[in-house]
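Everything on this sheet refers to the single structure shown next.
The values are calculated or read from the model by the stated rules, or taken from the named source; none is laboratory data. Everything numeric here is computed off the predicted structure, so don't read it as measured data. Cβ sites come from the backbone with ideal geometry, for glycine too, and all protein chains shown count toward neighbours.
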Amino acid sequence: MNEQYHHGNLRGELIGGGLRMLNRDGVKSFSLRALSRELGVSHAAAYRHFRSKDELLRAILEHTSTAFEESLNRAVHGPRDKHRPIDQREMLMRLGIAYVQFFVHNPEILPLFSVLPSDDNPLYTLMGGLGGHESREHSGFELFKRTALPLHKEAAYRHLSENEFLLGFWAKVHGVATLLVTQPKLIPAAERDAAVDRLVRTPF
């Protein structure tokens with residue numbers, strides 16, 4: 001057995017290694033046995049932490065949902081230039097860009113969200129407030145709502161309900177993320193970050 005796992009960090013290594021394997025090889029090639037071989041540990045050791053591939057996938061998604069929320073929070077509350085205050089619209093644009101970039105850099109996570117049932121799906125937890133479900137006070141959805149809703153008062157959006165306004169922006173960034181994940185050749189990799197910035201900021 002690999003010496004680095006003697007100190008009880010195998011669960012974390014399985015989650016981190018599993019995410020790397022998903023991003024590299026995709027869901028179809030993913031298995032707990034293959035991951036165990038790659039990490040140099042026995043199947044039995046891995047199965048003591050996760051009884052099945054699905055259980056490990058859920059743990060990866062829970063871990064990723066935390067990272068997702070953290071990336072959104074950094075986008076809104078990160079370092080600022082004292083001489084150039086960030087207004088509400090700029091915060092929303094940064095939030096949208098962070099949303100798209102997260103999935104672009106973790107492309108296998110988006111398909112996983114779509115196949116998990118709602119009870120186990122972190123995306124429902126993060127954004128479930130749109131459907132009338134309760135969301136955690138510090139969830140990604142609540143951050144999105146607090147950032148976006150002040151702009152709902154602008155004349156261009158007054159004909160929309162609050163839910164329609166939130167849905168419209170979410171649909172845009174989620175749509176861009178989905179297209180770039182499923183069709184990565186649409187925009188060359190070297191141009192992708194700048195393109196995401198322009199796409200999120202440009203009204204359509």
Exercise for the section: Show the residue pairs that are 6+ apart or on different chains and have beta-carbon atoms under 8 Å apart, the first residue being within segment 161-190 and in contact (Cβ under 8 Å) with a residue 40 or more places away in the chain and closer than 19 Å to residue 94 by Cα, the second being among the aromatic types (Phe, Trp, Tyr) and surrounded by fewer than 12 Cβ atoms within 10 Å (Cβ to Cβ). Expected result: 172/204
Practice task
Check whether at least one residue in segment 65-74 is under 19 Å from residue 194 (Cα atoms) and surrounded by 14 or more Cβ atoms within 10 Å (Cβ to Cβ), and report yes or no.
Solution key: yes
Completion exercise
Per the filter on segment 159-192, residues touching a helix residue (DSSP H, G or I) at 6+ places or on another chain (Cβ under 7 Å) and among the basic types (Lys, Arg) are 192
Exercise for the section: Output the residues belonging to segment 94-124 that are of a type in the set (Phe, Trp, Tyr) and either farther than 22 Å from residue 148 by Cα or at pLDDT 70 or above (or both). Expected result: 99, 102, 103, 113
Practice task
Looking for whichever is part of a helix (DSSP H, G or I), out of contact with any helix residue (DSSP H, G or I) (no Cβ under 9 Å at 6 or more places or on another chain) and free of Cβ contacts under 8 Å to residues at least 60 places away in the same chain here; the options are 148, 156, 195. Which one fits?
Solution key: 156
Exercise for the section: Please verify whether segment 135-149 includes one or more residues that are surrounded by 16 or more Cβ atoms within 10 Å (Cβ to Cβ) and modelled with pLDDT of 90 or more. Expected result: yes
